[in-house]
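Coordinate-derived values only; no laboratory data. For clarity, every value in this text was computed on a predicted model and none was experimentally measured. Neighbour counts run over all protein chains shown; Cβ positions are idealised from the backbone, glycine included.
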Amino acid sequence: MSAASNARLPLGALLALAMAGFITILTEALPAGLLPQMAHGLGVSEAWIGQTVTIYAIGSLLAAIPLTSATQGVRRRPLLLAAIAGFAIANTVTTLSSSYALTMLARFLAGVSAGLLWALLAGYAARMVPAHQQGKAIAIAMVGTPLALSLGVPAGTLFGNLLGWRVCFGAMSLLALVLMLWVRFKVPDFAGQPNNRELPLRQVFSIAGVRPVLFVVLCFVLAHNILYTYIAPFLSAAGMGARTDLVLLVFGMTSLLGIWIVGVLVDRHLRALTLASTVLFGAAALALGLASETALVVHAAVAVWGIAFGGAATLFQTALAKTAGDAADVAQSMLVTAWNAAIAGGGIIGGGLLGRWGVGAFAPALLGLLVATLVVVWAARRHGFPGTSDKSIASNANCSEP
């Protein structure tokens, strides 16, 4: 892609969307790094503080589809600002609250805001650019996710230990307020769907290609979360329990590499990249299953897993945005629901596998899910994950002006 073409990307606006994603992920995941401090501050057990992550996911799961469907006709920038304001309010309440119940209510509100925001981001980024740059734009908008996981959560945990957990949530509230100003002055506004073009949920779900993409999201992310959620016991069984932080750092750093690779190539090679990511993840799972006692193999497999997963959100959201066209936001809300269902399912299924058969059951489960993913991606050549020769899908993408 030429330098002139790259120069047309509205980087200021796209980076504002990336910051929104960063705040969303950091708000979701930070309690996991601050369990002891939050438990002491609110006078409950660490297990109860762990439920602040669960209630956040439930809020996203319940809100994404109905909120997005109900707001199809609302202009996009006010809706985006409302979602970010939800984080500012929720994190402020969390900062000041001494009540566990009130904190849980705030976390649920944050999850609701996340459900709406994730449904908006990919379609918003796609509408800012011509069709041939939509994948790159979505990749930039999604870069906040791996940055939050690889840098934001460790940094937030460090500052929480030094300054107190309430300072961290207060800082995120201030960050959300700054972001609202950034969005107001740098991010273009777009019209919502006219009343006569609003599509019911069932009709969006029946669009050719939508169901294969959602199935792939569910299987791929479920496989990821089974392993990611229980990476500590997996490493402990391999005699690497003391290296969990280093292994997660390797995963985070290679995830950034994965999203960079996808960002460069996604507009021309969406199908090939999705197939390659699935195969790489499968190879990593196989290596972990066969040679988990070898530290070098584990680190190499985790690095490959990070590369495969880093760009996954961009691949799936780009595929869905181009497949759904004018119904992209509603379709993305389904993706948010499938993604959060996979997160919850990873905890439940992974816990069941761990309790019944131990960590040795992880690799076969992951491989089964990834084989199903590969089959569906391969079959969705015409709708969902088209090859570079199929130009028809791109023409459906929504590039309308405000």
* the chain: longest stretch without exposed trypsin sites (Lys or Arg not before Pro) (DSSP loop, at most 14 other Cβ within 10 Å), sites themselves excluded? -> 76-380
* Using a Förster distance of 25 Å, how high is the FRET efficiency between Ala344 and Val371, based on the Cβ-Cβ distance and rounded to 0.05? -> 0.65
* Could you calculate, for the stretch 165-323, the ratio of the Cα radius of gyration to the Kirkwood radius, expressed as Rg to Rh? => 1.07
* Asked: Which of Asn161, Asn340, Asn225 moves most in a GNM of the chain, Cα contacts under 10 Å?
  -> Asn161
* **Residue-wise HN-Hα coupling along the stretch 161-177, computed from phi with Karplus coefficients 6.51, -1.76, 1.60 (Hz; x: Gly, Pro)** => 5, 7, 10, x, 5, 5, 4, 4, 5, x, 5, 5, 4, 5, 4, 5, 5
* **Vicinal HN-Hα couplings computed from phi for the stretch 145-150 (Karplus, 6.51 cos²θ - 1.76 cosθ + 1.60; Hz; Gly/Pro x)** => 5, x, 5, 5, 6, 8
* Please list, in chain and number order, the residues 5+ apart from Arg75 or on another chain whose amide H is under 5 Å from its amide H, with Hs placed from the backbone. => Gly192
* Could you tell me, in Å, what Rg and Dmax come out for the Cα atoms of the stretch 42-102? => 14.5, 44
* Report the residues of the stretch 304-322 in range of a label on Arg382: point 7 Å along Cα→C-beta, backbone N strictly under 18 Å from it. => none
* Cα radius of gyration and Dmax for the stretch 6-117 (Å) -> 15.5, 53
* **Whole-Å semi-axes of the ellipsoid equivalent to the stretch 119-257 (Cα gyration tensor, √5λ, descending)** => 34, 25, 14
* Structure fact -> Once phi for every residue in the stretch 58-65 is put through the Karplus expression 6.51 cos²θ - 1.76 cosθ + 1.60 (θ = phi - 60°), the whole-Hz ³J(HN,Hα) values, with Gly and Pro written as x, are 5, x, 5, 4, 7, 8, 4, 5
